[in-house]
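Engineer: Quick one: structure below, then a few questions.
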Amino acid sequence: MKEQNFVSVVAYVHDDAAAIPAFAAAIGRVLAAHFLHYEIIFVDDASNDGSVDAIRAAASSLAGGTLQIVRMSYPQGLELSMEAGDALAIGDYVYEFDTLAIDYDESLVFALYEKALAGHDIVTAAPAGRRPLASRLFYRLYNASAHTAHPLQTETFRLLSRRAMNRIRTMSRTIPYRKAIYANCGLPQESIVYEPQGTAHRRVGSGRLGQAIDALVLFTDLGYRAAFLLTAVLLVFALAIGCYALAMFACHQAITGWTSLMLVIAFLAAGLSAIAAILAKYLDILLGLVFRRQTYVIRGIEKL
């Protein structure tokens with residue numbers, strides 16, 4: 001017997017024309033087999049390779065449900081694009097696919113739903129094995145500094161209940177990094193780890209470095225700790241220079257070593273510049289979150 005709950009699928013697309021047919025077919029099979037009512041929302045982040053045409057072609061093969069294409073006006077990245085898709089999703093449960101790469105068995109999609117029915121508002125699918133060095137470094141820094149109940153990890157896709165979606169909307173009007181907000185929403189969460197199959201290619205967006213820096217600044221205390229440490233180091237050096245000058249004055253000796261003194265002064269200036277840069281980053285992010293009137297810009301929505 002098929003499930004009565006309405007399910008939404010929100011999938012991010014950017015120059016993924018080659019991956020769309022296989023993804024749409026696989027997800028369509030799972031949804032048609034297990035759910036009476038569902039929708040698929042493809043968010044096209046201003047692709048240039050015919051991804052929209054590939055989505056239209058795939059729509060004809062779907063057995064039921066509805067399919068929508070959200071077309072972003074210009075490339076706006078994964079987070080804003082997925083926020084636009086989530087805003088349109090009306091399901092009791094919402095699947096989020098950050099990538100169209102399929103390196104898992106199709107049964108895993110429904111397994112997340114079954115785990116959600118067991119009392120978890122957010123369920124994620126996490127691939128086993130070692131991840132790229134940059135990803136491991138980011139998650140290690142984040143989890144060590146964020147102090148959240150649910151540590152972040154590499155995820156392929158996730159399922160959120162409507163209660164989780166509503167809770168997240170009440171927490172923040174703008175969502176700079178969804179995974180961090182999800183980890184801090186306070187609702188029951190679970191992760192299903194799977195062994196990746198095949199050699200599905202995972203494309204990394206060009207803006208991921210900036211997003212990682214923003215997440216570390218916003219959701220951890222790394223920025224504060226770095227600024228505090230630099231301030232402490234500069235204070236120690238300043239006190240040392242002051243003590244040295246007083247000692248030379250008391251001994252009636254001329255202060256020598258101008259080269260060393262200039263190096264110390266240069267170090268102090270560099271440290272102050274680093275602190276100023278950290279504070280400027282905080283202000284830039286806060287101003288963007290407070291005064292940004294339009295979080296994302298949509299070119300149009302096409303319903304098939």
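The values are calculated or read from the model by the stated rules, or taken from the named source; none is laboratory data. In this text the structure is predicted, and so the values were computed from the model without any measurement. Every residue, glycine among them, receives a Cβ derived from its backbone with ideal geometry; neighbour counts consider all protein chains shown. Just so you know, the surface numbers come from the protein's heavy atoms only, side chains and all, with ligands and any DNA or RNA stripped out. Shrake-Rupley method; radii C 1.70, N 1.55, O 1.52, S 1.80 Å.
Engineer: Considering every residue within the range 21-30, establish whether at least one is farther than 25 Å from Gly186 by Cα, surrounded by 15 or more Cβ atoms within 10 Å (Cβ to Cβ) and in contact with a Gly (Cβ under 9 Å, 6 or more places away or on another chain).
Structural biologist: yes
Engineer: Out of Ala54, Ala46, Ala63, which single residue is in contact with a Pro (Cβ under 7 Å, 6 or more places away or on another chain) and within 12 Å of Ala24 (Cα to Cα)?
Structural biologist: Ala54 is the lone residue from the list that is in contact with a Pro (Cβ under 7 Å, 6 or more places away or on another chain) and within 12 Å of Ala24 (Cα to Cα).
Engineer: Which residue pairs have Cβ atoms under 6 Å apart, sit 6 or more places apart or on different chains, and have a first residue in the range 143-169 that is assigned to a loop (DSSP other than H, G, I, E, B) and a second that is charged (D, E, K, R) and open to solvent by less than 60 Å² (accessible area, probe 1.4 Å)?
Structural biologist: Leu152/Lys179; Thr154/Arg131
Engineer: Right, another one. Of the numbered conditions (1) more than 30 Å from Gly300 (Cβ to Cβ); (2) open to solvent by less than 20 Å² (accessible area, probe 1.4 Å); (3) not in a loop (DSSP other than H, G, I, E, B), Arg136 satisfies every one except a single condition; which is it?
Structural biologist: With (1) more than 30 Å from Gly300 (Cβ to Cβ); (2) open to solvent by less than 20 Å² (accessible area, probe 1.4 Å); (3) not in a loop (DSSP other than H, G, I, E, B) applied to Arg136, the lone miss is (2).
Engineer: Does any residue in the range 50-73 that is in contact (Cβ under 8 Å) with a residue 12 or more places away in the chain come within less than 6 Å, Cβ to Cβ, of a residue that is surrounded by fewer than 17 Cβ atoms within 10 Å (Cβ to Cβ) and part of a helix (DSSP H, G or I) six or more places away or on a different chain, and which pairs are these?
Structural biologist: Here the result reads Ala58/Pro21; Ala63/Ala32; Gly64/Ala32, each pair linking the range 50-73 to a residue that is surrounded by fewer than 17 Cβ atoms within 10 Å (Cβ to Cβ) and part of a helix (DSSP H, G or I).
Engineer: Restricting to the range 31-63, name every residue that is surrounded by fewer than 23 Cβ atoms within 10 Å (Cβ to Cβ), part of a loop (DSSP other than H, G, I, E, B) and under 27 Å from the mean Cα position of the chain (by Cα).
Structural biologist: Ala46, Ser47, Asn48, Asp49, Gly50
Engineer: In the list Ser81, Ser73, which residue meets the criterion of being open to solvent by less than 10 Å² (accessible area, probe 1.4 Å) and of a type in the set (S, T, N, Q)?
Structural biologist: On the way: Ser73 fails: open to solvent by less than 10 Å² (accessible area, probe 1.4 Å).
Only one candidate passes the filter, namely Ser81.
Engineer: Here is a list: Ala146, Ala125. Which entry is open to solvent by 10 Å² or more (accessible area, probe 1.4 Å) and closer than 28 Å to Ala84 by Cβ?
Structural biologist: Answer to the selection: Ala146.
Engineer: Select from the range 97-116 the residues that are touching a Ser or Thr at 6+ places or on another chain (Cβ under 8 Å), modelled with pLDDT under 95 and among the hydrophobic types (A, V, I, L, M, F, W, C) and list them in ascending order.
Structural biologist: The one that is touching a Ser or Thr at 6+ places or on another chain (Cβ under 8 Å), modelled with pLDDT under 95 and among the hydrophobic types (A, V, I, L, M, F, W, C): Ala101.
Engineer: Here is a follow-up. State which residue is surrounded by the most Cβ atoms within 10 Å (Cβ to Cβ) when the search covers only the range 90-105 and only residues that are under 14 Å from Ala19 (Cα atoms) and touching a helix residue (DSSP H, G or I) at 6+ places or on another chain (Cβ under 7 Å).
Structural biologist: Per the criteria, the residue is Leu100.
Engineer: Could you pull out the residue among Ala125, Ala183 that is touching a Leu at 6+ places or on another chain (Cβ under 7 Å), at pLDDT 90 or above and closer than 28 Å to Asn5 by Cα?
Structural biologist: Going through Ala125, Ala183 in turn, the sole match is Ala125.
Engineer: When you look at Ala87, is it at pLDDT below 95, under 19 Å from the mean Cα position of the chain (by Cα) and surrounded by fewer than 18 Cβ atoms within 10 Å (Cβ to Cβ), yes or no?
Structural biologist: yes
Engineer: Another question, then. Go through the range 193-212 and give me each residue that's at pLDDT 70 or above and either of a type in the set (Lys, Arg) or surrounded by 14 or more Cβ atoms within 10 Å (Cβ to Cβ) (or both).
Structural biologist: Hits for the range 193-212 are Tyr194, Pro196, Ala212.
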